[in-house]
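Structure first, commentary second.
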Amino acid sequence: MVSDSDVKLEVGSLIHHWNGGEKKKCAMSHKKAGGSTRLGRDSNPQYLGTKVADGQSIKNGGVIVRQRGTKIHPGKNVKKGKDDTLFSIVNGIVKFTQKKMKKFDGSLKKTRFANVIPHK
């Protein structure tokens, strides 16, 4: 026989205990267990591309093209950084040109160059 001092009643998912007229609630989780995932990481954008168009003016040290590899080669008054970024070494106007260059296999291909024409 069950005494009145310790009665357990289950209603839905809550369990109520009555001890001498006092009502107590058991701990219950409010969120489902989410688990962990191996995804969810993302890298920052690299902001590659042409920064100054043909005919625009540029200052000394200004970035002309940010690139991976040498899709565009440095021409007159332009240097190439260690990450293949092309930058100006004089103040002037940017001019993009194309020239046929001989590749390693002997074929001729068009190669693009970035040049800076100095201001007078």
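Throughout, read-outs are computed from the coordinates displayed, never taken from laboratory work. Just so it is clear, the model here is predicted, and its values are computed rather than measured. Cβ atoms come from the backbone with ideal geometry, glycine included; neighbour counts cover every protein chain shown.
Near residue 102, within a Cβ-to-Cβ distance under 15 Å, what is the net charge of the other residues, with Lys and Arg +1 and Asp and Glu -1?
In short, +4.
Based on the Cα atoms of region 49-118, what semi-axes does the equivalent ellipsoid have, where each is the square root of 5 times one gyration tensor eigenvalue, given in whole Å with the largest first?
Square roots of five times the eigenvalues give 22, 13, 9 Å.
Assigning unit charges at the beta carbon (Lys, Arg +1; Asp, Glu -1) and nothing else, what dipole magnitude in debye, to the nearest 20, does region 49-118 show about its Cα centre?
Once rounded to the nearest 20, the dipole reads 220 debye.
What distance in nm separates the simple spin-label points at residue 73 and residue 30, each placed 7 Å from Cα in the Cβ direction?
About 6.6 nm separates the two model spin labels.
Once you keep just the Cα pairs under 8 angstrom separated by 6 or more residues, what percentage relative contact order results for region 49-118? Intermediate results must be reported in sequence, preceding the final value.
Details: 165 pairs, mean separation 23.5, N = 70.
Once normalised by length, the contact order is 34 percent.
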